[in-house]
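For reference, the structure is listed below as C-alpha cells.
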Amino acid sequence: MAPTKLRALIAPRAPAPAGAAAPRYPSVEAAMTAIDLLPIPALLITWHQRRFTFESTNKPFRVAGLGTTPEQSTLIADIGPRIAAFIEGESLREDFTWEVGDAVDRRHYRVTLARVIKNPFGRCFVTLVDETGERRTERNLRREMMTDSLTGLSNRAGFSDRLEGLLAVTANRPCYAVLVLDLDRFSRVNACLGSMAGDELLITVARRIKGALRAGDVLARTGGDEFGILVKLEDGPSDAEHVAKRIQGALATPFRLSDFEIRVSCSIGIAFGAAEVDDAEELIRHAQFAVKRSKTSGRAEAYQIQAFDIAREQFGMETALRRAIERGQMRLTYQPICDLATGQIVAFESLARWRDEHGHEYMPNDFIPVAEESGLIVPLGRWAIDEAARTLAAWDARLGEQSVAKLAVNLSAIQLQRDAIAPLLERAMSENGLAGSRFTLELTESALVTDPDRIAGIMQALKDVGATIAMDDFGTGYSNLAYLQRLPIDILKIDRSFVTGMLADRDKIAIVRAILSLAQALGMKTTAEGIETNELGQTLAALGCTYGQGYIYSRPLEAEAAYQLFCERRQPSTAAAAS
C-alpha cells in the first residue's frame, strides 16, 4: 500500500470549515487492514479506563515475539506509560527509540506513535522499525575506528574517548593519571631490521606492558612507538609511579628479534588528573610533554605546569625573535680581548644582543637556546657574520687605514651542520674588502662531538680563507684529544669556570696549568675568560697564557664605544707594525 494511502487511514482529515458538517474519519476496519499490509511490526492499541487492549497486531509483530496481549507484551511493560501519555495528549505523532533484550540479544527499534481517531476509546497506531542491524554495523565500525589494527589495543581516538568519559564527572578527575610511554630505540630497530621486525617488537612490547598493569588499568597504542596508559589512583599519586617502575622492569629483559637480542628502553611521562582539567587531549599532551624530560633524565617524569609555561614562553620568544631578525632589531656588542703581556687590545669578541620595541633586553642565555632549537640560529648567525664584517669595514674607513683589530664571531653547532659557513664568510669579506685574517671564528666542543670529520672539513675550509679558529669554553665538553691534535685550531679559550676564583683553588690552578701545557705542546695560543682582577691577569700571564678577556678590561660595549676604546689604547708602533 502506498504511504499516502496509509497516512490517509491512520490520520484524520483536515478540519472542515466553520458551519460545515463534522469531518469523517476512516474506519477502524480499514486501519486493521492497513496493519496487515505493513512489512514491519505494527499494532492498533486502545487505552481505555487505564487498560490497554490490542485491537489488531500484524504478523511481523507476532513473529518478533513482542507478545500478543498487553499482559504478555514486552512493549507494554517497557513503554506502556509513554504510549498512554501520548493517547491522553494532543500530539498527532511521536517518534522515539526503544531497546529490548539483554546485552547479547538486544534489539533496537524506532517506534512511531500515530493517533488513529479521536474517540473515547483512545486508539493509537504503533509501528516499529528494527534498526538492530544498522546499530551493530555502526558499533562495529566505531570499534574498528577506535582500535589499533596491529596490537588490538585502543588507538589514540579510543583512548581519548575513554578518558573523556571519565573526565566528564568532576569527582573522577583527581582519581586518574595518564602515562605516556615512548620507546627510545624503536626507529633504529625499524630501520635496521625492517618494518616486520618493528611490528613484532610493538606487539611484544604491548603484551609485556599489559602484563605489568593492574586489572583496572587501560592500555592503548597512541602513536607509532607510543603507548598511553590510564591508571586509577587508588592509593594516590604513588600508584602511577609504581606502575611506571613495573613497566620499566618488564621491558628490561631483551627482546628476541630474528637473530638478535635487543634491549629497548623507554621514556615515561606522567600527568595527574585535576578538578580543573576537563579536556582529555590536554591531559595526554601534558604526559607527552613530561616524556621529553624523561628522555633527558632517564627516569619517569611527572608533568610540571611550570615547565609547560616555560615552553609556551619560549614559543612566544621564538615568534618575537623571528620578527626581530627580519626587522633588524638585533645588534652586536663587542668585548675586548687583550694581550696579557702588553695589555694591548688585539681583538673583540662580538656578542649578539636583542632589545625589543618595548625596550625589554633579552639575555643571550635565554634567546640563543631558543634560536638553536627553532633553527633561527642559521639566519641569526648569517646576520652576525655580515654585521661584524660591516663593523670592521666602518672602523677601517674612519681610521683611514686597515686596523689591526680582529673580530671574533661565535658559531653554533647547529649552524655548522645546516649552513655553508666558509662561503658565507668569504662573501662577507669580499663585499667589505676585508682579509680573512681579520676574523676569528669560535666553536664550542659540543660542535665537534656531533660529526667530527665533517666539522674538521668545515674548519679547514675556514682556514683556507685565512680565518683564525678558536675553541670556546675548552674543558667543559668531551673533546677527543686525537681529534684535537688533527683539527686546525689556533686558540684554546679556557672557560671562565676554571678562571674565576682560581687563585684560591689549587684544583683550578692545576686544570689551567694542564690546559696551558696542552696548548703549548700542540702549538696553540690560549685565551682566559672571566678575568676580573689585575692579580688574576698577571698570574695567568706568568703561567704562559697568551690573551685575556673579562670585566677588568671592559664589559661588552656598543660598536661606537668599542671603537673609541680601541683608538685610545692603540699605539703608533702598532699601526706601523701592521703596515
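The values are calculated or read from the model by the stated rules, or taken from the named source; none is laboratory data. In this text the structure is predicted, and so the values were computed from the model without any measurement. Counting neighbours? That spans all protein chains shown, and the Cβs are built from the backbone with ideal geometry, glycine included. These accessible areas exclude ligands, DNA and RNA; they are computed on the full protein's heavy atoms, side chains included. Shrake-Rupley method; radii C 1.70, N 1.55, O 1.52, S 1.80 Å.
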Open item on the list: For segment 373-400: of the residues being part of a helix (DSSP H, G or I) and open to solvent by 60 Å² or more (accessible area, probe 1.4 Å), which is farthest from ALA562 (Cα to Cα)?
Closed with: GLU373
Task: Failed condition for ALA34, given (1) open to solvent by less than 20 Å² (accessible area, probe 1.4 Å); (2) at pLDDT below 80; (3) within 60 Å of the chain's Cα centre (by Cα) - done: (3)
Open item on the list: Just the residues that are basic (Lys, Arg) and either open to solvent by less than 60 Å² (accessible area, probe 1.4 Å) or more than 23 Å from ALA408 (Cα to Cα) (or both), please, taken from segment 492-528.
Closed with: LYS493, ARG506, LYS508, ARG513
TODO: Go through segment 215-237 and count every residue that is within 25 Å of the chain's Cα centre (by Cα), open to solvent by less than 50 Å² (accessible area, probe 1.4 Å) and not aliphatic (A, V, I, L, M).
DONE: 9
TODO: Being touching a Gly at 6+ places or on another chain (Cβ under 8 Å) and open to solvent by less than 20 Å² (accessible area, probe 1.4 Å) narrows it down to one of ALA280, ALA212, ALA250, ALA240, so name that one.
DONE: ALA212
Open item on the list: Please pick out the residue among LEU167, LEU201 that is out of contact with any Lys or Arg (no Cβ under 8 Å at 6 or more places or on another chain) and either farther than 18 Å from ALA244 by Cβ or open to solvent by 80 Å² or more (accessible area, probe 1.4 Å) (or both).
Closed with: LEU201
Task: Exclusive hit being among the basic types (Lys, Arg) and closer than 30 Å to LYS525 by Cβ, set ARG382, ARG355 - done: ARG382
- [ ] Return only the number of the condition from (1) closer than 30 Å to THR222 by Cα; (2) modelled with pLDDT of 85 or more; (3) of a type in the set (A, V, I, L, M); (4) open to solvent by 40 Å² or more (accessible area, probe 1.4 Å) that LEU92 does not satisfy.
- [x] (1)
- [ ] Out of the residues in segment 529-540 that are over 27 Å from ARG486 (Cα atoms) and not β-branched (Val, Ile, Thr), state the one that is surrounded by the fewest Cβ atoms within 10 Å (Cβ to Cβ).
- [x] ASN534
TODO: Need at least 2 residues that are farther than 30 Å from GLY101 by Cβ per element, so show me which helices (runs of 4 or more DSSP H) inside segment 131-243 make the cut, counting only ones lying wholly within it.
DONE: 156-167, 186-193, 195-212
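Quick grid of which residues meet (1) over 20 Å from VAL378 (Cβ atoms); (2) in contact with a His (Cβ under 9 Å, 6 or more places away or on another chain); (3) not polar (S, T, N, Q); (4) not in a loop (DSSP other than H, G, I, E, B):
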residue	(1), (2), (3), (4)
GLN417	no, no, no, yes
ALA428	no, no, yes, yes
THR440	yes, no, no, yes
LEU443	no, no, yes, yes
ALA447	no, no, yes, yes
TODO: Those residues that are surrounded by fewer than 18 Cβ atoms within 10 Å (Cβ to Cβ) and of a type in the set (Asp, Glu), I need them from segment 420-466; list them, please.
DONE: GLU431, ASP451, ASP453, ASP464
- [ ] Filter segment 283-306 down to residues that are more than 30 Å from VAL189 (Cα to Cα) and either part of a helix (DSSP H, G or I) or of a type in the set (Asp, Glu) (or both) and give me whichever is most open to solvent (accessible area, probe 1.4 Å).
- [x] GLN306
Task: Filter result for the condition that a residue is more than 47 Å from the chain's Cα centre (by Cα), among the aromatic types (Phe, Trp, Tyr) and not in a loop (DSSP other than H, G, I, E, B), over PHE566, PHE498 - done: PHE566
Open item on the list: Any residue that is of a type in the set (Asp, Glu), touching a Phe, Trp or Tyr at 6+ places or on another chain (Cβ under 6 Å) and within 22 Å of GLY298 (Cα to Cα) - is there at least one of those in segment 211-225?
Closed with: yes
Task: Subset of segment 85-99 (residues that are in contact (Cβ under 8 Å) with a residue 60 or more places away in the chain and more than 18 Å from ARG110 (Cα to Cα)) - done: none
Task: Single condition THR127 does not satisfy, out of (1) hydroxyl-bearing (Ser, Thr, Tyr); (2) open to solvent by less than 50 Å² (accessible area, probe 1.4 Å); (3) over 30 Å from PRO70 (Cα atoms) - done: (3)
- [ ] Test each condition in (1) in contact with a Ser or Thr (Cβ under 8 Å, 6 or more places away or on another chain); (2) open to solvent by less than 20 Å² (accessible area, probe 1.4 Å) for LYS406 and report the one that comes out false.
- [x] (2)
